Amino acid sequence: MRILLQFYKRVLNKHPVLTQTIQVGVVMGGGDVISQVVVEKKSYKEYNFLRTAQFSSVGLCFLGPTLTMWYRLLAKYVGMKGSLVTVKKVALDQLLFAPFCIAGLMSVLFTIQGQPPKQTINIIKKDYTDILIANYKLWPAVQLVNFYIVPLNYQTLVVQCVALLWNTYISWKTQPQRRPMNNE
């Protein structure tokens with residue numbers, strides 16, 4: 001385990017954006033696995049491997065780079081340490097970044113799932129507020145601790161540890177079987 005941790009630290013220090021992006025893709029895929037197996041109670045025959053690949057791809061190609069660069073921008077322009085810096089970062093993260101990130105995540109996910117643009121807009125209109133409210137119940141507290149205590153290179157990892165459960169919720173919340181079949 002110690003060797004694995006040393007390897008992770010070395011790769012993270014040498015390639016922080018790539019390492020953090022890959023870990024987001026892996027954790028998002030893990031959230032989908034938990035959603036399908038634990039929440040939806042799918043058997044092996046029912047399991048949708050494409051869905052897991054799609055969810056991982058969104059983490060790898062959209063959310064991973066977005067989160068990693070967002071935390072670096074906050075560190076550069078708001079600062080690294082202190083109570084006031086932490087409060088500013090959480091406020092910017094939750095009032096500016098989270099609403100756009102959630103809408104972007106939903107848009108990219110539904111597009112990769114093959115939803116037509118009109119259907120994607122309708123789904124976002126229907127589910128966005130619920131997801132944003134759920135976000136506000138969880139993430140401000142997580143980000144207070146994350147921005148105050150955790151060094152920059154580990155902030156994405158800390159968020160992804162919590163996000164394993166968050167991604168399970170997002171995976172379940174964004175599935176077609178939860179939505180009406182018509183184009184309301």
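Out of all the residues in the range 16-45, which are over 12 Å from L157 (Cα atoms) and of a type outside the set (A, V, I, L, M, F, W, C)?
G29, G30, G31, D32, S35, Q36, E40, K41, K42, S43, Y44, K45
Go over the candidates G64, G29, G79, G114 one by one and state the one that is under 23 Å from I131 (Cα atoms) and more than 19 Å from the chain's Cα centre (by Cα). Walk me through how you get there before you give the answer.
Values: G64 fails: more than 19 Å from the chain's Cα centre (by Cα); G29 fails: more than 19 Å from the chain's Cα centre (by Cα); G79 fails: under 23 Å from I131 (Cα atoms).
G114 is the lone residue from the list that is under 23 Å from I131 (Cα atoms) and more than 19 Å from the chain's Cα centre (by Cα).
Write out, first by first residue and then by second, each pair whose Cβ atoms fall under 8 Å of each other, whose residues are 6+ apart or on separate chains, and whose first residue, in the range 44-66, is basic (K, R) while the second is assigned to a helix (DSSP H, G or I).
If the second residue must be assigned to a helix (DSSP H, G or I), the pairs left are R51/D32; R51/Q36; R51/S171.
So, of the residues in the range 132-148 that are surrounded by fewer than 17 Cβ atoms within 10 Å (Cβ to Cβ) and aromatic (F, W, Y), which turns out to be farthest from the chain's Cα centre (by Cα)?
Y148
Quick one: which of M69, M106 is over 21 Å from T168 (Cβ atoms) and modelled with pLDDT under 95?
Working: M106 fails: over 21 Å from T168 (Cβ atoms).
Answer to the check: M69.
Within the range 79-92, identify whether any single residue is farther than 18 Å from F147 by Cα and either of a type in the set (K, R) or in contact (Cβ under 8 Å) with a residue 60 or more places away in the chain (or both), and answer yes or no. Give the steps one after another, and end with the answer.
Within the range 79-92, the subset farther than 18 Å from F147 by Cα is none.
Within the range 79-92, none of the residues are farther than 18 Å from F147 by Cα and either of a type in the set (K, R) or in contact (Cβ under 8 Å) with a residue 60 or more places away in the chain (or both).
Name the residues in the range 112-131 that are surrounded by 15 or more Cβ atoms within 10 Å (Cβ to Cβ) and either touching a Leu at 6+ places or on another chain (Cβ under 8 Å) or assigned to a helix (DSSP H, G or I) (or both), would you? So that I can check it myself, show each step before the final result.
Pass one, the range 112-131, residues surrounded by 15 or more Cβ atoms within 10 Å (Cβ to Cβ): 112-113, 115, 119-120, 122-124, 127, 131.
Passing the criteria: I112, Q119, T120, N122, I123, I124, D127, I131.
I'd like to verify a number: residues in the range 32-71 that are in contact with a Gly (Cβ under 6 Å, 6 or more places away or on another chain) and of a type in the set (S, T, Y), how many?
2
I'm trying to understand the selection: among the residues of the range 42-52, which are closer than 15 Å to G25 by Cα and surrounded by fewer than 14 Cβ atoms within 10 Å (Cβ to Cβ)? Write out each step before concluding.
Of all residues in the range 42-52, those closer than 15 Å to G25 by Cα come to 49-52.
Selection gives F49, L50.
Quick one: in the range 127-184, of everything that is under 30 Å from F49 (Cβ atoms) and of a type in the set (D, E, K, R), which residue is modelled with the lowest pLDDT?
By that ranking, first place goes to E184.
Is at least one residue of the range 164-181 touching a residue at least 24 places away in the same chain (Cβ under 8 Å), among the β-branched types (V, I, T) and outside any helix (DSSP H, G or I)?
yes
The values are calculated or read from the model by the stated rules, or taken from the named source; none is laboratory data. Bear in mind the structure is a predicted one, so any value in this text is a computation, not a measurement. For neighbour counting, all protein chains shown are included, and Cβ atoms are generated from backbone atoms with ideal geometry for every residue, glycine included.
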